[in-house]
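Just below is one structure, and these are the notes that go with it.
The values are calculated or read from the model by the stated rules, or taken from the named source; none is laboratory data. Remember, predicted model here, so these are calculated numbers, not experimental data. Note: ideal-geometry Cβ built from the backbone for every residue, glycine included; neighbour counts use all protein chains shown. Accessible surface areas use protein heavy atoms only, side chains included; no ligands, DNA or RNA. Shrake-Rupley method; radii C 1.70, N 1.55, O 1.52, S 1.80 Å.
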Amino acid sequence: MFRSDVRGPTRADFDQYRRYAIQTFERAAVRSVAAAARRGKADVRGAFGGAGLARLGNAIDARGEERVTRFAGDRFSVSAQFFIRSRSERTLGAIKAYTEGASIRPVRSRWLWIPTDNIRRLAGSNRQGQGQRMTPALWRERGFESRIGPLVLVPSVNGNPLLVLKNVGVDLSGRKRGAKSLTKKGLARRGQVEKQFVVAFVGIPWTARAARVNVTAILNNVRAALPEIFATELEREAR
């Protein structure tokens, strides 16, 4: 028998349930994007590490939005952003080169000067505390000219120039980057042997750097996993 006194759900009940459902979806979406940002950051840094660029990869960071942006018709959006923490032009340029590829040409001279294994690779830190790759200018500026020796320009067999150090000591065991000046008596230091000259820098007109990390492909994989991530977060919200 039909009972007319049984009260069914009202419009207010439906509106309340609708608001609850939308809020549940929004919270799950915020958590999903945060999880995707963490996964993406870890995957990008892992790719840099796999390419032997772990320190450079540590400059990559990501974060998800903590709030949604709402639109008409109960639509909303939430997103994450990936960014480079460093403001160093050298770091930014290196990341761009290793993710997009680059042709590197000299700016202030005719040659790009590449340090060899005979001298130290870094000249110390810049104002931001980041290591600077050794250059002939930094060799003079940082006092290596007086501590080890001046750079002497000589031609190479292929016509490109070399910058060499004359009358220095190198490690007897073959350890790299150990060139040092001779003693005041003109003798090699302990554990070293005297060399009439060693090549400090090789000059080249330009060089190409191939991309080694495909950030777009990595993030596309993370995007493809978003439905699964969202389903997991929605289940957690429903508990």
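Short to long, the 10 Å bins of the Cα pair-distance histogram for the chain hold 6, 20, 20, 16, 12, 9, 7, 4, 2, 2, 1, 0 percent of all pairs. Contact order for the chain, expressed relative to its length and based on alpha carbon pairs under 8 Å spaced 6+ residues apart, stands at 23 percent. Counting only alpha carbon atoms, the long axis of helix 11-50 and the longest principal axis of the chain meet at about 20°. Between amide H atoms placed 1.01 Å from N, distances below 5 Å from Ile104 occur with Thr207, Ala208, Arg209, all of them 5 or more places distant or on a separate chain. Work through the residues other than Leu219 whose Cβ is under 15 Å from its Cβ and net out their charges, Lys, Arg +1 and Asp, Glu -1. Overall, the nearby charge balance is +3.
In sequence order, the range 192-204 has phi-based couplings of 10, 10, 6, 10, 5, 7, 10, 7, 9, 9, 10, x, 10 Hz under the Karplus curve 6.51 cos²θ - 1.76 cosθ + 1.60, θ = phi - 60°, and Gly or Pro positions carry x.
Thr232 contributes an accessible area of around 60 Å² to the protein surface, as traced by a 1.4 Å probe with all chains present.
The residues packed around Pro115, meaning those with a beta-carbon under 12 Å from its beta-carbon, carry a net charge of +4 if Lys and Arg are +1 and Asp and Glu are -1.
The count of lysine pairs in the chain whose Cα atoms are under 23 Å apart, excluding pairs fewer than 8 places apart on the same chain, comes to 10.
Can you classify the range 106-205 as rounded, prolate or oblate using the Cα gyration tensor, where a ≥ b ≥ c are the square roots of its eigenvalues, rounded means a/c under 1.5, and otherwise it's prolate if a/b beats b/c and oblate if not? Because a/c hits 1.5 or more and a/b fails to exceed b/c, the range 106-205 counts as oblate. Against the main long axis of the alpha-carbon atoms of the chain, helix 89-100 sits at an angle near 70°.
Computed over the range 106-205, relative contact order equals 33 percent, with contacts defined as Cα pairs under 8 Å that lie 6+ residues apart. The long axis of helix 226-238 is offset from the longest Cα principal axis of the chain by roughly 50 degrees.
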